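The values are calculated or read from the model by the stated rules, or taken from the named source; none is laboratory data. None of the values given here were measured: they were computed from a predicted structure. Heads up, the Cβs are rebuilt from the backbone with ideal geometry, glycines too, and the neighbour counts pull from every protein chain shown. All accessible areas refer to the heavy atoms of the entire protein, side chains included, with ligands and DNA or RNA removed. Shrake-Rupley method; radii C 1.70, N 1.55, O 1.52, S 1.80 Å.
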Amino acid sequence: MEKENERNGLHCVAEISVLPEGCISDIVSLTTPKDACTACAVSPIFRAAAESNAVWERFLPSDYQAIIARSSSSLDSLNFSSKKHLYLSLSDNPILIDDSKKSFFLDKLSGKKCYLLAARDLSIVWGSTPEYWSWVSLPESRFPEVAKLLDVCWFEICGKMSTSMLSPTTNYAAYLVFKLRSRAYGFDDPPFKASVGTIGGGEVYEQSVCLDLGEPSLDGQILSLDGQILLPEQLHISCPKRRKDGWLEIELGEFFNEGGQDDELQIRLTEIEVGRWKSGLIVEGIEIRPTMG
């Protein structure tokens, strides 16, 4: 039975392989970038079809040329040998757009549009007051400047963008991208409040988040800065994770972008009720990217 199924599979591949390359390209373009890469191993004609510009042009966002035109870098879509190379470059090497106030890249598996809003593109309460916040340049940041918190008791950050800039029919999540200095304080308690949703209608996602990493113990418990031992299931709040680029990120919430409308997405992170003083936070920005599911 196993050999028979294998023969039938090979027979189906053989039948498909006799189709014109353009027809195979049309079929592959209806799948995903990951499937297209897998198809390259099927046969030489599949490889040629799966790597064709016709396929990868469809995987690129329809407005990719307009987005690249907003870039402050020297990226030129005409300089790439193929649309696949352009796709992979936009996946692996985010580009700065809108006067370096946003970073754009593609989700490598799906081709969905992703953005990182720079701290300069956010509304930060007291952000222009040198006694409370300063703006510094860090070599590890993709942006010219990041926001460095000196000392505030009223903490409020808000990011906004048009949902038309995002991929339609896609579930997104928003993340604060940040660092904590060694002597940071005021982030372990109370939890901060995060919300993600569109202005003027639609569901708003709200949750509590803890920017403090704490100190993990060997048995999987988490030791907070005040010495309290917490089990992971006792937290019930979103906690930070380390990124490959060396920064930390914490999920602020999710939202589903239906598309077809020009709504304004608003992402907020606040702690204004207790009024505890906070210091030592460095904000790179807020990232919006598709969820894994």
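Screening region 236-282 for residues that are open to solvent by 60 Å² or more (accessible area, probe 1.4 Å) and among the aromatic types (Phe, Trp, Tyr) and picking the one that is farthest from Gly186 (Cα to Cα) gives Phe256.
Assess whether Tyr87 counts as being within 17 Å of Cys158 (Cβ to Cβ), aromatic (Phe, Trp, Tyr) and within 18 Å of the chain's Cα centre (by Cα).
no
Of everything in region 35-91, what is part of a loop (DSSP other than H, G, I, E, B), at pLDDT 75 or above and either open to solvent by 70 Å² or more (accessible area, probe 1.4 Å) or within 18 Å of Leu166 (Cβ to Cβ) (or both)? Give them in sequence order. Correct list: Leu60, Pro61, Ser62, Asp63, Arg70, Ser81.
When restricted to residues that are open to solvent by 40 Å² or more (accessible area, probe 1.4 Å), part of a loop (DSSP other than H, G, I, E, B) and under 30 Å from Ser62 (Cα atoms), region 120-179 contains 4.
Residue count for region 107-154, restricted to those that are in contact (Cβ under 8 Å) with a residue 60 or more places away in the chain, over 19 Å from Val177 (Cα atoms) and among the polar types (S, T, N, Q): 1. Can you tell me how many residues within region 181-196 are open to solvent by less than 50 Å² (accessible area, probe 1.4 Å) and part of a strand (DSSP E or B)? Residues in region 181-196 being open to solvent by less than 50 Å² (accessible area, probe 1.4 Å) and part of a strand (DSSP E or B): 5 in total. Of the numbered criteria (1) modelled with pLDDT of 90 or more; (2) more than 23 Å from the chain's Cα centre (by Cα); (3) within 24 Å of Ser123 (Cβ to Cβ), the one Pro190 fails is (1). Taking the stated definitions as given, is Asp107 within 28 Å of Ala69 (Cβ to Cβ) and not β-branched (Val, Ile, Thr)? Yes, satisfied.
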